[in-house]
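Below is one structure, written out as structure tokens, with a few remarks after it.
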Amino acid sequence: NNNNNNNNNNNRIFIINDGPPFANGSIHLGHVRNKIMKDIIAKFKRMYGYTVHFRPGFDCHGLPIEHKIQQNHHFNTFKLKLNRKSLNNNNNNNNNNNNKIQINDNIENIINHISSCRKLVISSIESQIKDFKKLGILADWNNSYQTMQSNYEQMVIHCLANLYERNFIEQKYKLVPWCCNCRTTLANAEIESKICSNFSSYVFFPIHSIQINN
């Protein structure tokens, strides 16, 4: 698993930025094609004397992981949220006690949900690394980065703050796809559509005058 070319005498460095796959299960043909293409480029550069830095990564956040947990546990994980009405309801002591119990239950469910996601991610990373090694992918597997690592999250926040301070971030309105089940926005690549027949028809007639009788 040595990621560097020891025969490099020209101090030439080639870096491959690995776009991380989701750690939500075993690899599929998309993973295979992606990693093999990168591995071909890395090996080609090593043959020509480059020191190649190929550090693989794993995406540990997002809907695919939560969908996997939802399928395994057979319930809608996206409904795990605090009830804001309960937080703002201060009518009497009985209601307050009931609200506290409900809030505590929801918090416990959310913590369990996060724990389940983390366990799935860890097992998926171990499985994917094992399969990538079987494919002969030469990368720095012992030093892979994971988006759930605290240092990675800190780096993202730091970069975002830097962009904000330099006025590269602005707030605007934009039409985005919305998932009613997941209660979040979707990327265009996450949308699956199918052709269906609809026998409804809409006909528009011009209205010249309207008379309303009381």
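Can you say whether Asn167 is touching a residue at least 24 places away in the same chain (Cβ under 8 Å) and polar (S, T, N, Q), as far as the supplied structure shows? Talk me through it step by step, then tell me what you get.
Working: touching a residue at least 24 places away in the same chain (Cβ under 8 Å): no; polar (S, T, N, Q): yes.
It is false that Asn167 is touching a residue at least 24 places away in the same chain (Cβ under 8 Å) and polar (S, T, N, Q).
Restricting the search to segment 157-174, which residues are in a helix (DSSP H, G or I) and over 23 Å from the mean Cα position of the chain (by Cα)?
Glu165
Looking at (1) out of contact with any His (no Cβ under 9 Å at 6 or more places or on another chain); (2) open to solvent by 40 Å² or more (accessible area, probe 1.4 Å); (3) more than 21 Å from Ser144 (Cβ to Cβ); (4) at pLDDT below 65, can you tell me which one Phe44 breaks?
(4)
Which residues, counting only those in segment 175-195, are of a type in the set (A, V, I, L, M, F, W, C), open to solvent by less than 100 Å² (accessible area, probe 1.4 Å) and assigned to a loop (DSSP other than H, G, I, E, B)?
Passing the criteria: Val176, Cys182, Leu186, Ala187, Ile191.
Quick check: anything in segment 133-149 more than 30 Å from Ile41 (Cα to Cα) and open to solvent by 90 Å² or more (accessible area, probe 1.4 Å)? Spell out how you get there, then give the answer.
Start the filter on segment 133-149 by keeping residues that are more than 30 Å from Ile41 (Cα to Cα), which leaves none.
No: segment 133-149 contains no residue that is more than 30 Å from Ile41 (Cα to Cα) and open to solvent by 90 Å² or more (accessible area, probe 1.4 Å).
The values are calculated or read from the model by the stated rules, or taken from the named source; none is laboratory data. Everything numeric in this text was worked out from a predicted model, so none of it was measured. Neighbour counts are summed over all protein chains in view; Cβ atoms, including those assigned to glycine, are modelled from backbone coordinates with ideal geometry. Accessible surface areas use protein heavy atoms only, side chains included; no ligands, DNA or RNA. Shrake-Rupley method; radii C 1.70, N 1.55, O 1.52, S 1.80 Å.
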